[in-house]
Amino acid sequence: QQPQPQQQQPQPQQQQQQQGHHLEEKKLEKLVNSSDNGVNKKEPKVPFFSQVCVAIPSARRYDSTGFPAPEKYLSNLISKLHLPIGRQNYDKLLINILNVDKNASQYTELNDLAIKYPGIHLKISNSSNYNIEEIIETKKIILSTEEESYQVAKQKFIWRTKEVLDNIELLEDCAKSGRKYTLFLEDDVYPTSNIWEKMEKFVNKVQDNYAFLTLYNPSVWEPEDKNYADGDEYGFFCCTQSLLFKNDRIQPIINNLNANYYKNPVDLILVDYIQSKPENGHVYVSIPSLFQHVGAFSTLAERTQNPPLVAHESESWQSLLQPTKSAFSYYNIGNEHKKSHECHISLSFME
């Protein structure tokens with residue numbers, strides 16, 4: 001039997017070269033796997049809420065006797081917007097609140113919110129600096145001496161014009177924020193649970209050719225033969241409770257508001273904008289609404305009903321409801337009126 005040939009042992013120099021080659025191969029493999037060329041590494045997902053600038057005009061509210069309203073709509077709204085994102089992300093949720101109160105310094109609720117939530121930016125409205133008398137004269141506005149007439153009465157015109165100017169200011173600030181979206185909210189709405197996740201799903205669902213998205217549908221005012229499904233193109237006709245704009249195409253809308261601020265309320269100016277040219281974009285609607293209107297108390301005591309009544313609630317929620325006691329608009333409401341308000345929270349509100 002022939003002896004097996006002995007394997008030649010590598011020399012120390014060869015061993016060093018082989019180890020060096022293996023080390024270089026491992027370094028190269030690690031470099032390829034960790035490179036930022038996008039081939040083998042996924043970019044971290046940017047949370048949707050951090051892509052949004054929230055714009056809210058706000059003022060104190062009163063009951064019909066002139067006393068401060070017992071419900072703090074804005075505090076409830078702000079709390080619910082922050083709930084899904086975690087305290088560690090509070091500074092990443094940008095919320096611009098415009099103080100439109102007649103006595104801005106007395107609206108202390110805003111300062112309390114800004115201390116608690118670092119992403120809140122406060123600003124006092126500039127609309128009081130506008131000379132409304134001059135606007136009436138130069139624009140040749142025909143005013144009525146009666147409140148209920150075709151022409152608008154003077155005080156209503158002043159209030160309406162300032163509201164449009166306030167909204168323009170908010171939209172302009174968010175347009176310059178560097179965020180991808182602007183979410184305009186009235187301060188008496190309340191969001192569904194997991195609002196940011198649902199909003200992102202809705203944005204990804206609809207065609208990317210919209211002027212804005214409406215996240216609230218006042219179906220109580222819709223014609224009976226209108227039955228919208230989630231993501232349908234919407235015949236926008238009113239209401240600015242919750243609108244989502246894309247900032248890369250918001251400027252033409254702001255320009256149109258600036259050109260027509262003295263003619264109509266904000267929602268009617270937007271209606272004219274959408275209907276004037278097909279290229280101005282589409283409007284899509286969220287069903288069920290992602291925000292519900294809960295305001296029964298007005299910024300003007302004379303406009304608050306007794307008992308307080310939530311105006312233009314969305315009846316599209318009703319088919320999705322199970323009887324549940326509303327946490328809102330229950331102050332001083334009679335038993336009969338309560339019954340009609342026991343079912344206005346969508347199942348999507350349930351945790």
Would you be able to say whether some residue in the range 219-228 is touching a helix residue (DSSP H, G or I) at 6+ places or on another chain (Cβ under 6 Å) and either at pLDDT 95 or above or of a type in the set (Asp, Glu) (or both)?
-> no
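A quick yes/no check of all residues on (1) in a loop (DSSP other than H, G, I, E, B); (2) without any contact (Cβ under 8 Å) to a residue 40 or more places away in the chain; (3) open to solvent by 10 Å² or more (accessible area, probe 1.4 Å); (4) in contact with an Asp or Glu (Cβ under 8 Å, 6 or more places away or on another chain):
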residue: GLU169; (1), (2), (3), (4): no, no, yes, no
residue: THR182; (1), (2), (3), (4): no, no, no, no
residue: GLU197; (1), (2), (3), (4): no, no, yes, no
residue: ASN227; (1), (2), (3), (4): yes, yes, yes, no
Extreme residue, nearest to THR192 (Cα to Cα), among residues of the range 274-295 that are touching a residue at least 12 places away in the same chain (Cβ under 8 Å) and open to solvent by 20 Å² or more (accessible area, probe 1.4 Å) | PRO288
Pick from the range 171-180, criterion in a loop (DSSP other than H, G, I, E, B) and touching a helix residue (DSSP H, G or I) at 6+ places or on another chain (Cβ under 7 Å), ranking: nearest to LYS123 (Cα to Cα) = ARG179
Determine if the range 234-244 includes at least one residue that is surrounded by 16 or more Cβ atoms within 10 Å (Cβ to Cβ), on the phi > 0 side of the Ramachandran plot and at pLDDT below 95.
-> yes
Do we find that LEU213 is buried (at least 16 other Cβ atoms within 10 Å of the Cβ), outside any loop (DSSP other than H, G, I, E, B) and not basic (Lys, Arg) in this structure?
-> yes
Can you name the residue in the range 113-136 that is within 20 Å of VAL52 (Cα to Cα) and part of a strand (DSSP E or B) and is also most open to solvent (accessible area, probe 1.4 Å) among such residues?
-> HIS121
Exception for LYS42 within (1) at pLDDT 55 or above; (2) open to solvent by less than 90 Å² (accessible area, probe 1.4 Å); (3) not aliphatic (A, V, I, L, M) falls at (2)
Please indicate, with yes or no, whether at least one residue in the range 83-99 is open to solvent by 20 Å² or more (accessible area, probe 1.4 Å) and more than 25 Å from PHE291 (Cα to Cα).
-> no
Please indicate, with yes or no, whether at least one residue in the range 100-112 is charged (D, E, K, R), in contact (Cβ under 8 Å) with a residue 60 or more places away in the chain, open to solvent by 50 Å² or more (accessible area, probe 1.4 Å) and assigned to a helix (DSSP H, G or I).
-> no
Based on what the data block shows, is TYR216 within 26 Å of ILE95 (Cβ to Cβ) and touching a His at 6+ places or on another chain (Cβ under 8 Å)?
-> yes
State which residue is nearest to ASN131 (Cα to Cα) when the search covers only the range 270-286 and only residues that are charged (D, E, K, R) and out of contact with any helix residue (DSSP H, G or I) (no Cβ under 8 Å at 6 or more places or on another chain).
-> LYS277
Return yes or no: is PHE202 closer than 24 Å to VAL294 by Cβ, touching a Ser or Thr at 6+ places or on another chain (Cβ under 8 Å) and not charged (D, E, K, R)?
-> yes
Return a yes/no flag: does the range 255-269 have any residue that is out of contact with any helix residue (DSSP H, G or I) (no Cβ under 7 Å at 6 or more places or on another chain), under 22 Å from ILE97 (Cβ atoms), among the small types (Gly, Ala, Ser) and surrounded by fewer than 18 Cβ atoms within 10 Å (Cβ to Cβ).
-> no
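The values are calculated or read from the model by the stated rules, or taken from the named source; none is laboratory data. Predicted, not measured: the structure shown is a model, and the values here were computed from it. With ideal geometry, Cβ positions are generated from the backbone for all residues, glycine too; neighbour counts draw on all protein chains shown. Note: accessible area is taken over every heavy atom of the protein model, side chains too, but ligands, DNA and RNA are not part of it. Shrake-Rupley method; radii C 1.70, N 1.55, O 1.52, S 1.80 Å.
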